[in-house]
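First up is the structure itself, then whatever we jot down about it.
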Amino acid sequence: MDRLRRADVVVCDDLAGKDLLSHCRPDCLILPVGKRGGNRSTAQAEIISLLVDHGKAGRRVVRLKGGDPFIFGRGGEEVAALAEAGIAWEVVPGVTSAAAAGAAAGVPLTHRGLASAVVFLAGHEDPSKLGPLIDWAAYARLQATLCIYMGARRLGFIANELLRAGMAADTPVALVSHASRPDEHILFSNLQALAGSEPDETLSPAVAIIGAVAGEPARIRAVVESIPR
């Protein structure tokens with residue numbers, strides 16, 4: 001909030017809450033540069049040019065993102081560009097969406113009896129990326145909680161890949177859309193059901209949490225309902 005109040009320029013993503021901009025000064029320049037799958041978006045090179053150009057001009061610039069800027073937020077690329085341009089920068093840490101979505105849905109990403117590891121995975125990768133794409137079969141064998149970012153349109157494909165690799169069909173899945181927003185939506189399902197599903201555009205942006213821990217809300221609810229009133 002302090003940085004926003006002092007900013008001359010705010011370069012903001014679509015996933016950052018628009019109400020945050022109410023903290024900016026009336027004369028602050030707001031530059032929307034959202035990147036949303038399937039929609040026209042600002043090229044990363046253009047975003048970096050904006051940060052560098054305004055920074056070199058001596059303006060206070062806030063690069064406003066949703067979640068943690070260093071987890072699927074391209075923060076690393078932007079910081080490197082600022083460093084190369086000789087521009088001072090700092091990072092205000094955020095909470096990555098998988099952690100926030102899990103808490104919102106009552107799903108513990110780790111659990112002593114169920115999961116001792118958590119994996120953050122991109123459901124949609126950069127088509128220009130060098131090297132192999134995600135090896136879903138390898139992750140299916142980990143017995144870890146899998147948190148899928150940017151995968152709402154590919155959930156059917158991902159579920160099929162995990163099933164093909166031997167993950168149980170009844171593996172619980174929690175799908176959290178618009179986490180922490182007024183229109184937050186939480187759907188509990190399993191791999192088999194997702195494997196036969198069609199892409200649902202209304203779910204984006206969403207995080208899918210796959211693993212035994214995603215069954216905890218239902219288990220806890222059943223315990224509560226069994227207690228005599």
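The values are calculated or read from the model by the stated rules, or taken from the named source; none is laboratory data. This structure is a prediction, so every number in the text was calculated from the model and none was measured. Because the Cβ atoms are built from the backbone with ideal geometry, glycine has one as well, and the counts that use them run over all protein chains shown.
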Against the definition (in contact (Cβ under 8 Å) with a residue 12 or more places away in the chain and surrounded by fewer than 16 Cβ atoms within 10 Å (Cβ to Cβ)), how does Ala168 come out, yes or no? yes
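Results for (1) within 20 Å of the chain's Cα centre (by Cα); (2) assigned to a loop (DSSP other than H, G, I, E, B); (3) more than 19 Å from Ala115 (Cβ to Cβ); (4) of a type in the set (Ser, Thr, Tyr), shown as yes or no for each residue.
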| residue | (1), (2), (3), (4) |
| --- | --- |
| Phe157 | yes, no, yes, no |
| Ala169 | no, yes, no, no |
| Ala174 | yes, no, no, no |
| Ile209 | yes, no, no, no |
| Arg221 | no, no, yes, no |
Out of all the residues in the stretch 30-42, which are at pLDDT 90 or above and either surrounded by 15 or more Cβ atoms within 10 Å (Cβ to Cβ) or within 19 Å of the chain's Cα centre (by Cα) (or both)? Leu31, Pro32, Val33
Checking Ala115 against (1) within 19 Å of the chain's Cα centre (by Cα); (2) under 15 Å from Val213 (Cα atoms): exactly one of these is not met. Which one? (1)
Regarding the stretch 184-193, can at least one residue be identified that is more than 16 Å from Ala168 (Cβ to Cβ) and hydroxyl-bearing (Ser, Thr, Tyr)? no
Does any residue of the stretch 2-14 turn out to be buried (at least 18 other Cβ atoms within 10 Å of the Cβ), in a loop (DSSP other than H, G, I, E, B), of a type in the set (D, E, K, R) and not assigned by TED's automatic domain parsing to the domain that holds Met150? yes
Per the filter on the stretch 176-229, residues touching a residue at least 24 places away in the same chain (Cβ under 8 Å), among the hydroxyl-bearing types (Ser, Thr, Tyr) and touching a strand residue (DSSP E or B) at 6+ places or on another chain (Cβ under 7 Å) are Ser177
When (1) out of contact with any Asp or Glu (no Cβ under 8 Å at 6 or more places or on another chain); (2) in the same structural domain as Ala104 (by TED's automatic domain parsing); (3) more than 20 Å from Ala101 (Cα to Cα) are applied to Ser189, the one that fails is (3)
Is it true that Ala101 is assigned by TED's automatic domain parsing to the domain that holds Ala212 and not in a loop (DSSP other than H, G, I, E, B)? yes
